Amino acid sequence: MRGRLWRASNPHLPESERARLVAQLMDARRAVGAALRDKDAAAERAARKQVHEAKVALGERGPVWWDDGAPDYNRHLVKNTPYAQK
């Protein structure tokens, strides 16, 4: 997205857990939208915290879930990584 790399969810999560966490993430994202529409800064902060927690639980943020030693390029510009086309 916009030239950035984004980490995928942990593929080792059981499907039922992944589905639960994705539903939690979507609820939190809807809460962010509602807070923005309501111009409620406290609710927005709380909802964004829930988004972050769901993303960490999914493995999209926080400690890496892989163990092969590959670096984490999450949120890096593609052009600044080994994935850039030369």
| task | Tally the residues that are in contact with an Asp or Glu (Cβ under 7 Å, 6 or more places away or on another chain) and part of a helix (DSSP H, G or I), restricting the search to region 1-39. | result | 3
| If a residue has to be among the hydrophobic types (A, V, I, L, M, F, W, C) and assigned to a helix (DSSP H, G or I) to count, how many in region 48-75 make the cut? | 5
| said: Looking at region 52-85 only, could you name the residues that are open to solvent by 60 Å² or more (accessible area, probe 1.4 Å), on the phi < 0 side of the Ramachandran plot and of a type in the set (K, R)? | reply: K79
| query | Any idea which residue in region 43-86 is farthest from S9 (Cα to Cα), counting only those that are of a type outside the set (A, V, I, L, M), in contact with a helix residue (DSSP H, G or I) (Cβ under 7 Å, 6 or more places away or on another chain) and touching a residue at least 12 places away in the same chain (Cβ under 8 Å)? | reply | E44
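The values are calculated or read from the model by the stated rules, or taken from the named source; none is laboratory data. Note that this is a predicted model, so its numbers are computed, not measured. Virtual Cβ from ideal backbone geometry, glycine too; neighbours counted across all protein chains shown. Heads up: the accessible areas ignore ligands, DNA and RNA and are worked out on the full protein's heavy atoms, side chains in. Shrake-Rupley method; radii C 1.70, N 1.55, O 1.52, S 1.80 Å.
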